[in-house]
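Below: the structure, in structure tokens.
Taken together, the values in this text are just the output of simple stated rules run on the coordinates, not laboratory data. This is a predicted model, so every value here is computed, not measured. So basically every Cβ, Gly included, is an ideal-geometry build from the backbone, and we count neighbours across all protein chains shown.
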């Protein structure tokens, strides 16, 4: 969440959501959809060039949400996919113009850039931990982005 509590463990969790976690995710998703609607309705007033990137981001986020909420994705993989999707949005927005002498890119807040650097560190830590562990005995799900479409397969 970028609040300083992120850890590699959140990216290595091999289990699906518990019923309580699923209920909390559903509640949060309803609020997120409301916020998206407000943002999308007003984006053309300030930075209409961002709209296609935000729409693609929403599409990717909804796919991760759908698979996580139905139990198709383990929590750790959903977290990694969310970070990848966030990163793609940041790269897309980086095509914006530079707005100051410090190299700040329009559309990317400084605090968001710091959260992205923190996420990179957590991803690297989780990759190192995963590489040092033996293979899990649980079914393994593999996912990748094909454009803005999430493709997943499970080995059982």
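Put a dot 7 Å past the Cα of residue 29, heading toward its Cβ, do the same for residue 132, and the two dots end up 3.5 nm apart. Working from label points 7 Å from Cα in the Cα-to-Cβ sense, the residue 18 to residue 39 distance is 2.9 nm.
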